[in-house]
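The values are calculated or read from the model by the stated rules, or taken from the named source; none is laboratory data. A quick note: this is a predicted structure, and the numbers were derived from the prediction, not measured. Neighbour counts run over all protein chains shown; Cβ positions are idealised from the backbone, glycine included. With ligands, DNA and RNA removed, areas are computed over all heavy atoms of the protein, side chains included. Shrake-Rupley method; radii C 1.70, N 1.55, O 1.52, S 1.80 Å.
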4 protein chains.
Amino acid sequence: MTYQPSFQDVAHLGHVEVFTPKLDESVQFFREIVGLHESGRVGNSVYLRAWGDYALHTLQLTASPTSGVGHVAFRVKSPPVLTSMVGYMKANGVQGEWRDAEFGHGRAFRFASPDGHPLEIYYETERFIPQGNQVPGFKNLPQRYSPHGIAPRRLDHVNLLAQDIKSCREFFRDMLGLRVTEQIVFEGGQEMGAWLAATFKSYDIAFTKDHSKAHGRFHHLTYAMDSREDVLHAADILAENGTFIETGPHKHTIGQTFFLYFYEPGGNRFEIGAGGYLIFDPDWRPIVWSKEERMKGQAWGLQTVRTFHTYGTPPVEE
Amino acid sequence: MTYQPSFQDVAHLGHVEVFTPKLDESVQFFREIVGLHESGRVGNSVYLRAWGDYALHTLQLTASPTSGVGHVAFRVKSPPVLTSMVGYMKANGVQGEWRDAEFGHGRAFRFASPDGHPLEIYYETERFIPQGNQVPGFKNLPQRYSPHGIAPRRLDHVNLLAQDIKSCREFFRDMLGLRVTEQIVFEGGQEMGAWLAATFKSYDIAFTKDHSKAHGRFHHLTYAMDSREDVLHAADILAENGTFIETGPHKHTIGQTFFLYFYEPGGNRFEIGAGGYLIFDPDWRPIVWSKEERMKGQAWGLQTVRTFHTYGTPPVEE
Amino acid sequence: MTYQPSFQDVAHLGHVEVFTPKLDESVQFFREIVGLHESGRVGNSVYLRAWGDYALHTLQLTASPTSGVGHVAFRVKSPPVLTSMVGYMKANGVQGEWRDAEFGHGRAFRFASPDGHPLEIYYETERFIPQGNQVPGFKNLPQRYSPHGIAPRRLDHVNLLAQDIKSCREFFRDMLGLRVTEQIVFEGGQEMGAWLAATFKSYDIAFTKDHSKAHGRFHHLTYAMDSREDVLHAADILAENGTFIETGPHKHTIGQTFFLYFYEPGGNRFEIGAGGYLIFDPDWRPIVWSKEERMKGQAWGLQTVRTFHTYGTPPVEE
Amino acid sequence: MTYQPSFQDVAHLGHVEVFTPKLDESVQFFREIVGLHESGRVGNSVYLRAWGDYALHTLQLTASPTSGVGHVAFRVKSPPVLTSMVGYMKANGVQGEWRDAEFGHGRAFRFASPDGHPLEIYYETERFIPQGNQVPGFKNLPQRYSPHGIAPRRLDHVNLLAQDIKSCREFFRDMLGLRVTEQIVFEGGQEMGAWLAATFKSYDIAFTKDHSKAHGRFHHLTYAMDSREDVLHAADILAENGTFIETGPHKHTIGQTFFLYFYEPGGNRFEIGAGGYLIFDPDWRPIVWSKEERMKGQAWGLQTVRTFHTYGTPPVEE
């Protein structure tokens, strides 16, 4: 029986490499203000994770002339799935190459999204091993909870800008087996956004229409808190720190997640979020939103700020 | 020794009469969606209270051709203070008249704010006596907590629009002994807003500049929840009910309160709020905000919506 | 290739039938105090659901001389899986029978746990179709959020008492493909508890040692709130209503869930819970707790109340 | 007109000196785990405050052979009140002496509670002046919110053990003008506990019956969080840090406050709390609880742990 990617073959979003022209400031920001933990450094990259992430890292900050996304990596559920999925992609004309093991994970297959975002899938993962006062009192947690700054619990999802949402949505659905959970489709079928899940969460990756002519741009990366109150505390911390809050805290209509967007020192947009629904129905059908429905703004009526549609990294001339 | 009003002579905001051209719809809204409890009806008025209010009512809805405020009543701390305060006001040229006891309270002195808002002070109060399944399990609470709808805990504060903020601020400070907690003062000393407290809360009444030429207008009345999470639930309830949410939930810079503004069926603006700081320092000095500081928007950067400055009740031609 | 059950073949816990000797009182309790919604009545059964449940019902209350569990039903992810899983069970000596479609779902295979609890698996499900003022403003939610009472969001998990934990754990792992997430194993390998998941939650079903000699007993059924603050509100509501709270609110060490246990009028234990970790790691290994570790009590030190180990339904002579 | 102390003449609880036989460990604990800020050191004392405290310090930790309370200080509302109150106490046979200004405040009158606890009243206070990255973005807050550890907002109340509750209650009511908010009175009028307020909070100081024969003992000091969720986070932090949690988080019936009790390294009991009702009614009458009512345990049924009645500092032979 020939292999076909199915839901859950991709286990979860693994880690994201983000470029920053101000590496030191970005690292300082994520350590001191966001409260992530540094796992190590290799070359121009600094690796970080949230206290609840089981992997050695979920964020890779890499010094670069520009901001933007270096690559987005997903962990698949087993070695055979890794081999089969790569074979399936190649058989379907997806170009890519195997890369040797690097910091935090084993060999990975590097390919690109239809919009040109560098992507990777891998299986072998190095787990975080707590030492000293990082050892948790609870064996079912990866690290002791000892908050400093925002202290999000874990990596949640990534949002990428793209020119052709439909092709990106179909690529992740057909090649990686993700579940399409929600969509924005304008009159005439023009797709403006797509939300997909590898897990039971309302989404693990989203694609939104890039209003510029650029390709492969980054919209935001999100870390999750346990409660909406935690997100409100995060807003207090960011405001007091003088960090630019683009919009929020407020509730998304799509995904029903509670959001807070801000720009890190390197210029990339990040989100601190919480909540959203879990999908237990195996027959979930994508929720499709029209332009009229989107005009109503977010869940409680907040209009989406213009920069949310125009600002991505690296920035481009409008 | 001649009497002079001092902080605490006015114990707290007692109740507010709000006019509505749609009495039945307004009553239905406050009972079913907001979750207030009806205490009684007299003539064109319906009296309501929150589950945590000790008084028989804190909101009086009165059928009227227009929206707006009927009167704002404050309870003073003792019978002698009531007499002395009235005497002091009269000696200082404040016109007014005694009114007989009515629903929920004893005789009251009716006078007007410098902007013409009808005001009252009274002492004798009828307490809510729980019956049947309203009897609380906790003797230190006025009513059993059995939520339906938003279910705010208690009346919090009132905000009135005025042409001359300075005179209103000084009137409440000098005639009623309230504490000025925060102010907005533009260049040249033009006062745009004043927040005053009769209690340890960051404010119990506020005056903000009316950008129309009208007098005696109402900005909003606020009921308080115990937590910010409760206010987020309120937003969910209002959004699902199709109630127009004007702005929020978000955090005020002034008072540090968490806010959510909406319009009830009669057109009046109401707020569901939580938090804010308590003032323990007996020497608190008013915090004064400049135009530049206000331009920064609310605590987390949300710009104040235009209608917040232009919409009051009754509405006027702009 | 012969079929073998794998993780996710069982999509989720579908519904649980609970026996009550006081049907009217139980129904009134779940409608008025817990805030569940009635979906219908057939014979001696009343069907209910939480506002966030997509299925027509998640709780079936059935009039009976005693309390206890009628049956526990799981929804599988597709028709072929239903057929294959039944075939696999039969091939492995599991006795059972097909039952015709009934309220809320299509044909189901009825079998028993190693301890004798009636179980079912089914695929065809009737979805809740909101009518009138139940229609949500958000298309991605099954019903309008309009809270009354506790108003939990959804069914979460079931806990069953058993004599032989090991056989129950292996049965659900091997026959139904569930993931073993945590265990309690005393010296000599005696298993005292097992937590298993069909989803990404820390568990969907748990088995704990029955200290009596009885078989097939029910420990509790849990409905989930979105936040710990919501669970605290639930405690306020139950306390004010005079409902017996057995223990909590507090945090479980196992699963890290926030719990609140109480007895409904029929005598069955129910839980209102929130939180807990999500499992993204496809290689999750069961966390095993020793007797010494369990002696430390719950997460914040609360000792487990004795009745938690001794009380189940139907009750038995000790 | 002769002076008589009235409600509000004592503005608020100012600071408490706590003895510790392990000064370094206690200081480290309050700085790193509780997240208080050090204001300075003089002799054997280290002075600390919460981020929301306006005064230079609210906690004074003093090296001592034993644990216990050094003194409890209240700030009065004005210089004349300080003089008058001292005069009134002396006229009523209260012995005491003036002490020179010391760290954080001006001259103070030192006297003793009927049970022998050292007390002080003072007016002149040194305010905390934020420097560098402690400067808040919000002028109405004393310090930038940048959480580390539990990070409570402010000092809340103190609880002292005493042999004669009635005399302590009457002393604070008659000599200091505090409001008696709640009481525990057993049959025959034996007073077991008294809660008093200088502010609108449900209490600022409490006296509970010392079951030993000792005098002048300390029960606990409480710092307040903004929400119950914050207290749950505090429990997570203490549990992970291996701090002994005596009881909680749970809700007090008395005061309706949400509590969490633990022992600091020096052996003293501290509390992290939130919530409770505010008293706006100037005619509030003390709520009196009987033995039977207290036997019901705390708000949600948790039985009060035995040590709560027996453990105080310094510890004594039972």
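In segment D:1-134, the ratio of gyration radius to Kirkwood radius, Rg to Rh, stands at 1.00 when only Cα atoms are counted. B:ASP164 exposes around 80 Å² of accessible area when a 1.4 Å probe is run over every protein chain in place. Total accessible area buried between chains C and B, 1.4 Å probe, in Å² to the nearest 100? Buried: approximately 1500 Å² between B and C. Label separation (D:ARG110 vs B:THR304): 5.1 nm, computed from points 7 Å beyond Cα along the C-beta direction.
Rank B:LEU221, B:LEU141, B:LEU56 by mean-square fluctuation in a GNM of chain B with C-alpha springs under 10 angstrom and give only the top-ranked residue. Largest GNM mean-square fluctuation: B:LEU141.
The distance linking segment A:265-318 with segment C:126-196 is 30 Å (Cα centroid to Cα centroid, whole angstrom). Comparing mean-square fluctuations of D:HIS157, D:HIS233, D:HIS252 from a GNM of chain D with C-alpha springs under 10 Å, the top value falls on D:HIS233. The calculated 222 nm mean residue ellipticity attributable to helices in chain A amounts to -4500 deg cm²/dmol, summing -39500 (n - 2.57) over DSSP H runs of n ≥ 4 and dividing by all residues. Using Cβ point charges alone (K and R +1, D and E -1), the dipole size of the protein assembly as shown about the Cα centre works out to roughly 0 debye. Bridging of A:LYS22 to aspartates and glutamates at a Cα separation below 12 Å is possible for A:GLU264, once same-chain residues fewer than 8 apart are set aside. Taking each residue as 0.36 nm, the span from B:SER78 to B:LYS139 lengthens on full extension beyond its C-alpha to C-alpha distance by 19.5 nm.
Classify segment D:106-146 from the C-alpha gyration tensor, please: rounded if a/c falls under 1.5, else prolate or oblate depending on whether a/b exceeds b/c. Verdict is prolate for segment D:106-146. Length, then width, then depth: along the principal axes, the Cα atoms of segment C:135-206 run 55, 26, 16 Å. Once R0 is set to 60 Å, what does the formula 1/(1 + (r/R0)^6) return for the Cβ-Cβ distance between C:ARG31 and B:GLU124, expressed as a FRET efficiency to the nearest 0.05? The formula returns an efficiency of 0.90 here.
Beta-bridge orientation, chain D: approximately 75 percent antiparallel, per DSSP, counting only bridges with both partners inside. In plain terms, the bigger the Kirkwood radius, the slower the diffusion; for segment B:27-67, with that radius from Cα pairs, at 4 °C and 1.567 mPa s, Stokes-Einstein puts D at 123 µm²/s. Contact-buried residues of segment A:106-148, at a threshold of 30 Å² lost accessible area versus the chain by itself: A:ARG127, A:PHE138, A:LYS139, A:ASN140, A:ARG144, A:TYR145, A:PRO147, A:HIS148 (1.4 Å probe; DNA, RNA and ligands ignored). Quick one, what does Rg over Rh come out to for segment B:57-124 if you take C-alpha atoms and the Kirkwood Rh? Over the Cα atoms of segment B:57-124, Rg/Rh equals 0.98. Over segment A:231-318, the alpha carbon radius of gyration divided by the compact-protein estimate 2.2 N^0.38 Å works out to 1.24. For the protein assembly as shown, the share of accessible area belonging to carbon and sulfur comes to 52 percent (1.4 Å probe, ligands and nucleic acids excluded).
DSSP beta bridges confined to the protein assembly as shown are antiparallel in about 75 percent of cases. Residues of segment D:300-318 with backbone nitrogen within less than 19 Å of a virtual label 7 Å along the Cα-to-Cβ line of D:ARG99, please, listed as ranges. Backbone N within reach: D:314. Looking at segment C:1-92 alone, DSSP beta bridges between its own residues are antiparallel in about 75 percent of cases.
On the basis of the beta-carbon distance and an R0 of 45 Å, D:ARG285 and D:GLN131 show a calculated FRET efficiency of 0.45. If the cut-off is 23 Å between C-alpha atoms, which lysines fall inside it for C:LYS213, apart from same-chain ones fewer than 8 positions away? Cross-link targets: C:LYS166, C:LYS291. Backbone geometry of segment B:63-77 corresponds, through the Karplus equation with coefficients 6.51, -1.76 and 1.60 at θ = phi - 60°, to 3J(HN,Hα) couplings of 4, 7, x, 10, 8, x, 9, x, 6, 10, 10, 10, 8, 8, 7 Hz, x marking Gly and Pro.
In this Cβ point-charge picture (+1 for Lys and Arg, -1 for Asp and Glu), segment C:103-200 has a dipole of about 640 debye about its Cα centre. Between the beta carbons of C:VAL42 and C:VAL316, assuming R0 = 45 Å, the FRET efficiency works out to 0.90 to the nearest 0.05. Structural size metrics of segment C:71-221, computed from C-alpha coordinates, are Rg and Dmax of 17.6, 59 Å. For the protein assembly as shown, the solvent-accessible area works out to 36 Å² per residue, with a probe of 1.4 Å and every protein chain left in place.
With one equal scatterer per alpha carbon and no solvent term, the Debye-computed log10 I(q)/I(0) for chain C at 0.07, 0.12, 0.15 1/Å reads -0.25, -0.80, -1.32.
Working note: Debye formula, equal point scatterers on the alpha-carbon atoms of the protein assembly as shown, no solvent; log10 I(q)/I(0) at q = 0.04 Å⁻¹ is -0.23.
For the residue pairs D:LYS209/D:LYS296; A:LYS209/B:LYS296; A:LYS209/C:LYS201; A:LYS209/A:LYS296, alpha carbon separations beyond 21 Å are given by A:LYS209/B:LYS296; A:LYS209/C:LYS201.
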